[in-house]
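I have placed the structure first, in the form of structure tokens, so that the comments after it can refer back to it.
The values are calculated or read from the model by the stated rules, or taken from the named source; none is laboratory data. Worth saying up front: this structure is predicted, and the values here are computed from it rather than measured. Backbone-built Cβ (ideal geometry, glycine too); neighbour counts: all protein chains shown. The accessibility values were calculated without ligands, DNA or RNA, using every heavy atom of the protein model including side chains. Shrake-Rupley method; radii C 1.70, N 1.55, O 1.52, S 1.80 Å.
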Amino acid sequence: MVFGKIFGGDKKRRQEAEEAENFRRGLEAPMRALLDLIFDMPVDRTSKMLLRQKIIERDKGELERVLQNVILPKLDAEWQARIKDLGKTEAWMTVDEFRETPMSLRAQDKRVDMLDLGRFPIPADKSQSKELSYGQIVFDGDGHLLTVAPTGSGKGQGFIIRNLYNYEGPAVVLDPKGELYRETGWRRDWYGKVFKWAPFEEDSDCFNPMDMLSPLPNGDESVVWDNARRLADLMIEPMGKEPFWDNAAKDLLTALIFYVYRTYPPKQRNIREVTRLLALSREKQAALVRTLTESDDERLQELGNTLLDQPDNVRMSITQTLRTQLDVWRTEGVVRATRGTTHDMHPRTIAQDDYMRWFLHEQGAEDPPGFWPQRDGPAISGNAHTVYLVIPPEQISTYRSVLRVMLGMMMQGVMEYRRYLEADASAGNVLLPEGQWPFLFVLDEMPQLGYMQVVEDAVSIARGANIRLWMIAQDLSQLRNVYPRWETLIANAKAQMYFRPNDLGTAQYISAQLGEYKDIWGNRTPLASPQELMGETFRDEVVIRVQGHKPIRAMIPAFWNASEKIQTKVKRERSVLGNPDREAEPWPVDGMTLEELNVQNEAMCKQLSDAQASADLEPTDVEGEDGKSVRADVEEGLTEDGLPRPPRL
């Protein structure tokens, strides 16, 4: 009997507790928050009971009367503001809600594709330490990121450096200041090979976009023309409202790229040779047109016939458009850095190396992908390579044609290889490993590159290609001015991060996206007005929107170089890992050596400027790094400098 009463009493109390919780959950957010506050409210017990009764009765008129006439007069200004803002706090993600999402980093979390999005404030009464603390917000899985942050807001020191330091998957990084390479290159060298394409620096690695034209193994040669067209699209930025000139320039450039690829020796298939064809004399221009019309390729024939039919002034205008847009490809640094491709820097190779590590690990033949420190002996490095594209910020607008090509062809190469793998997997030839991290593209200052079709395509289809774009802009007006479908671009970003804006247009957009909340009186108010977002309240915060979740007010993490704890860790680890391997010995280049490039430049200059160059050129000697002359005997098919002979016009 006694046990029955005890257990029966427990059952009744549990039932009452469940009913109370169900009632609480059924209340609107402001009312639920008010009910939760009653216990701590500094008013007398009778007032608390009266307020609780009105909430239970759900009589909004009586509740408002009690609040206005009984409760609020007894509270100080801080408590009054707290009650008036009820509903606003609940419209943002709460601590309890955050802990239930995948965005909450847990102890011993083994997800390999996480990126750090900020810190979630955890009040003392919700913290294990009973003090204000912060939970790490992470992003993983499919999807892209968008960060909108004004200059000097801390996106680099707070987020980009931290994520490149910790993310162990392959990456291509647009690094305008070179800061990201300096801070993280040595670390990422242990995740895989590190490449730095920096045409303003002597130790730059090389990338020849024309190496991207060739088909994948067992692929159709017809893709070469399509790839040439994609390359031309990236090189030519739309300049006017009349599309005829841009389209005509792209058609001509596509054909010239294809012509160089089809007829030039492998070492000389580069953009510099394409630009040389735009600087021909009238006689050689006519010879080029004849060569095109007599080609065995129908597309080259069509272009040759089109050029023949065009009036001289039209053809000259198209050629001048190309010369103007491609002038940057003739600069010494770009020519040097695009003469060939550094060994293993081809995007298909980078994607393949990463895939093979995952595949072999799944088959039990390799260590797990990633970087594994060892207590005894050297660390085990990974096969996830990183490419840093370094251009000074003040030169981005001048060199954006080059950067568009570098990023676009890298992106295209990775997506092509993934499609190739998936086709092979569908045929039963290979297996796609589970859990492979995405290929990360960090696009800092993305709008400065101008419109890129490949970015829009990647955002919409890259989920299947296993790549993740991190798009970064200073404000939304930049995106709006460059991308006609800018709102679609934003909508396709699964995670969006907004730092305190410094322009009204961006603030108004963020405010509209956050929406409104219903306060305790039933009025609808913006969750964050444009003025609030631009004010001091959000100075050290970042607004995070992730699809399917409430918005988050997160704190910006400690700046990387300002944190003593972080710098102590960095110093300790760098003393063990050292500098990137490429700084000790440059990676070999699959293409022309610098000596061969210099010889070729001199030979081609003579060919273009001297009408008798095809007959009696004097041999040109250039001293190589070993002190020997870079020159070979004159043989059939070679220039007098010993290099494969390009077609003479």
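Things to note:
- Using a Förster distance of 25 Å, the FRET efficiency for Thr331-Glu237 (Cβ separation, nearest 0.05): 0.90
- For Gly118, nonlocal amide neighbours, meaning residues 5 or more places apart or on other chains whose placed amide H falls under 5 Å from its own, are Ile137.
- Among [x] 1.00; [y] 1.09; [z] 1.06, the entry that matches Rg/Rh (Cα atoms, Kirkwood Rh) as calculated here: [y]
- Axis angle, to the nearest 10 degrees, between helix 504-514 and the longest C-alpha principal axis of the chain: 60 degrees.
- Average accessible area per residue (Å²) across the chain - probe 1.4 Å, nucleic acids and ligands excluded: 49 Å²
- Length gained on full extension, Arg24 to Ser563, computed as 0.36 nm times the residue gap minus the Cα-Cα distance: 189.7 nm.
- Over 25 Å apart at the Cα level, from the set Lys84/Lys126; Lys193/Lys565; Lys110/Lys494; Lys196/Lys250, are Lys193/Lys565; Lys196/Lys250.
- Rounded to the nearest 500, the 222 nm mean residue ellipticity of the chain from helices alone is -13500 deg cm²/dmol, with -39,500 (n - 2.57) taken per DSSP H run of at least 4 residues.
- Separation of the Arg182 and Phe200 label points, Cα + 7 Å toward Cβ, nm: 1.3 nm
- About its Cα centre, region 508-599 has a charge dipole of approximately 740 debye under the convention of +1 per Lys or Arg Cβ and -1 per Asp or Glu Cβ, with nothing else charged.
- Considering only alpha-carbon pairs that sit under 8 angstrom and 6 or more positions apart, the relative contact order computed for the chain is 20 percent.
- Bridge type composition, the chain - antiparallel percent by DSSP, nearest 5: 50 percent
- Approximating the spin labels as points 7 Å out from Cα along Cα→Cβ, the Asp226-to-Ala124 distance works out to 6.4 nm.
- In this simple spin-label approximation, Trp521 and Leu72 carry label points 7 Å from Cα along the Cα→Cβ vector, and these lie 0.6 nm apart.
- Amide proton proximity set for Lys196, modelled H, under 5 Å, gap of 5+: Asp205, Tyr388
- Gln513/Arg111 FRET efficiency (R0 35 Å; Cβ-Cβ; nearest 0.05): 0.80
- Other-chain or far-sequence residues with amide H under 5 Å of Ile472's (modelled H): Thr147, Leu443, Glu445, Met446
- Over 17 Å [Cα-Cα, region 89-215], rounded percent: 69 percent
- Full-extension gain in nm, Ser460 to Met356, via 0.36 nm per residue minus C-alpha separation: 34.8 nm
- As a rough guide to protection, the peptides 308-315, 213-220, 31-38 ranked by mean Cβ packing within 10 Å, highest first, stand as 31-38, 213-220, 308-315.
- Karplus 3J(HN,Hα) series, Hz, for region 553-559 with 6.51 cos²θ - 1.76 cosθ + 1.60 (x for Gly, Pro): 9, 10, 8, 6, x, 4, 4
- Potential extension, Leu594-Thr324 segment - 0.36 nm per residue separation minus Cα distance: 94.6 nm
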